[in-house]
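Asker: Following this message is one structure expressed as C-alpha cells.
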Amino acid sequence: MPIEVDDAEILSKFQDEKTRNEAFNLLLKKYQQKIYWHIRRMVIDHDDADDLVQDVFIKVWKNLAGFRNDAQLYTWMYRIATNECITFLNKKKQKNNVSLDDVAYELADTLADSAYFSGDAIQRKLQEALLTLPEKQKLVFNMKYYDDMKYEEISQVLGTSVGALKASFHLAVKKIEAHLLSKD
Amino acid sequence: MENKDWLDDYMSLKQVNAENPFAVPAGYFDDLGDRIVSAKNLDELKNKKPLDGFAVPENYFEELAGNIQSRITIEVALDKDGDFTVPEGYFDNLAQQIQSRILVEEALGEPAEQFTVPEGYFNALNKNILDKTVNAGNTNRKGIVRRMFASTAFKYATAACFTVALGGGILLTEIANNPVNEHNNSFLHKQLSNVPVDEIKSYLQLNVDAGDTQQTVASEGTTVNDADLKNALQNYADSVQ
C-alpha cells in the first residue's frame, strides 16, 4: 500500500548520506506501484515491466542527488520510466528487425495470451485499440485516462507543449472510439 | 478538461470499465521494494571503484570460482603422476652442485669435446654455399658443348670400326688363299671329283708296287705336300694315256 509522505521530506533525507537508504525506501513505498503500472500499460507483459521498474529505480537512485526541483518528483520519475519504455520497445523492434506496427501486433498477442489480464472483453478491446496508437498518443491517453494527470504534468513528462498534448489526446480518443465501435 | 468529464463526449469510451484490467502475481508489490533495493546494491557493487585505486579485469570475480576449480583439478591430476621421488632437499642443492662440477672440470683441464673443421673451411664456406644456391643457376645456364668428332667415345668407335674392317679383310684373304680352298677350286680337283672313289681305290690296289709307300691322305697328323701330290697324279695320268 503506497504511503503518504512528502516529497520534500524524501529529498531532504536523501541528501544526508546517513538517511539516504531510508529515503530511498520511502520513495519506493510511495511510488513503486505508480511507476510499475505506467510501465506495464506500455509494455503489456508483467515480466518485462518487472525488469524495467527495477532499472528505473536504479536510475532514480543514481540521479536523485542531482534533482533540481524544477519539476515534481513523480513527473521526473515518470519521465525516466517513459524513456526506459520507449528504449525497450525500440530495442524489441531492432532485435526482431520489424516495424513498430509489428511490435504492436506482438504486444497484442502477449495481451491475448497473458495470464495477468483480468479485464472483460471491452477492456481487452480498449487495450487492443491503444496498441494501434503511436507511442506519444498512447502515453498521453494512459496518463490522462488511468492516472488522471493534468496536461501540465504530462507536458513535464513528455517534454511536449500542452496544446500539442491536447491535440494528441483528441486524436487518440477518436481512434479508440472508432475501434470500439467497429465490429472486430 | 482536467478530470473525467471529457468522457461525456465519448460515450463508447465512457461505457468501458475504467478499472485497471491488468493483474500481477499475488504478493508482487509486497517484496518489490526489497528486490529493487537489492538490484540497486548489486549495481553499485558492479560499478564501485575501489578506494585503494586497484582494479581487477572485467568479469574477474565472476570467473574466479571457475578458474580456481580448474586449477584444483589440474593440480590433483598432476599429483597423481608423482610416483617418482627425489631425496629431500635435492632441488635446493642441485644448482650449486652443477656449478661446482663445472668448476672442477674446468680446473682439471679436460678438454671439452671439440669438433674440428679443415683449415680455411669457414672462409670457403660462404662461397661454397652461394655457388650451390644463388650462383648455381648461373653455372647451369652456361650449358655443355660437346664436339662430336673430337670426343673420346667417337675416337674409340672409329678405331673399333677400322679394326673390324681390317680384321675382316685379312680373314677373307686368308680364306681365299687357303691351299685347300685353292685346290678345291682347281681344274684337277674338279675332274677328280667326277671319278668314283671305288674306282680310284681299285686302281691304287692293282698298281701299287713295292716302292710305293702306302700312305693315305687320311692319316692323322700326316702333312701332304700338295705340289708333290699334284705332280704324282699328273705323271700317272700321263702314263695311263
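The values are calculated or read from the model by the stated rules, or taken from the named source; none is laboratory data. Keep in mind it's a predicted model, so treat the numbers as computed, not measured. No Cβ is skipped: glycine too gets one built from the backbone with ideal geometry, and neighbour counts run over all protein chains shown.
Asker: With a cut-off of at least 3 residues that are in the same structural domain as A:R40 (by TED's automatic domain parsing), name the helices (runs of 4 or more DSSP H) lying wholly within region A:96-184.
Answerer: A:100-113
Asker: Of the residues in region A:31-70, how many are aromatic (F, W, Y), within 10 Å of chain B (Cβ to nearest Cβ) and without any contact (Cβ under 8 Å) to a residue 60 or more places away in the chain? Explain how you work it out, then say what you get.
Answerer: Looking only at region A:31-70, we keep the residues that are aromatic (F, W, Y), and these are A:31, A:36-37, A:57, A:61, A:67.
Filter again for within 10 Å of chain B (Cβ to nearest Cβ), leaving A:36-37, A:57, A:61.
Filter once more, keeping what is without any contact (Cβ under 8 Å) to a residue 60 or more places away in the chain: A:36, A:57, A:61.
Total satisfying the criteria: 3.
Asker: Starting from region B:215-241, take each residue that is in a loop (DSSP other than H, G, I, E, B) and list its partners that are at pLDDT 70 or above, counting only C-beta distances under 9 angstrom and pairs at least six apart or across chains.
Answerer: What qualifies is B:V217/B:L229.
Asker: Taking only region A:112-134 into account, find how many residues are more than 7 Å from every other protein chain (Cβ to nearest Cβ) and of a type in the set (S, T, N, Q).
Answerer: The number of residues fulfilling the criteria is 2.
Asker: Also, I was wondering about something else. From the list A:D47, A:D55, exactly one residue is surrounded by fewer than 16 Cβ atoms within 10 Å (Cβ to Cβ), part of a helix (DSSP H, G or I) and either outside the structural domain of A:E153 (by TED's automatic domain parsing) or among the polar types (S, T, N, Q) (or both). Which is it? Talk me through it step by step, then tell me what you get.
Answerer: On the way: A:D55 fails: surrounded by fewer than 16 Cβ atoms within 10 Å (Cβ to Cβ).
Sole residue among the options that is surrounded by fewer than 16 Cβ atoms within 10 Å (Cβ to Cβ), part of a helix (DSSP H, G or I) and either outside the structural domain of A:E153 (by TED's automatic domain parsing) or among the polar types (S, T, N, Q) (or both): A:D47.
Asker: If you go through region A:152-169, how many residues are more than 9 Å from chain B (Cβ to nearest Cβ) and surrounded by 15 or more Cβ atoms within 10 Å (Cβ to Cβ)? First the steps, then the outcome.
Answerer: Our first condition is that a residue be more than 9 Å from chain B (Cβ to nearest Cβ); within region A:152-169, this holds for A:152-165, A:167-168.
Among the residues that remain, those that are also surrounded by 15 or more Cβ atoms within 10 Å (Cβ to Cβ) are: A:153-158, A:160, A:165, A:168.
Looking only at that region, the number is 9.
Asker: In the list A:D109, A:D45, A:D101, which residue meets the criterion of being at pLDDT below 95 and within 15 Å of the chain's Cα centre (by Cα)? Talk me through it step by step, then tell me what you get.
Answerer: Details: A:D109 fails: within 15 Å of the chain's Cα centre (by Cα); A:D101 fails: within 15 Å of the chain's Cα centre (by Cα).
A:D45 is the lone residue from the list that is at pLDDT below 95 and within 15 Å of the chain's Cα centre (by Cα).
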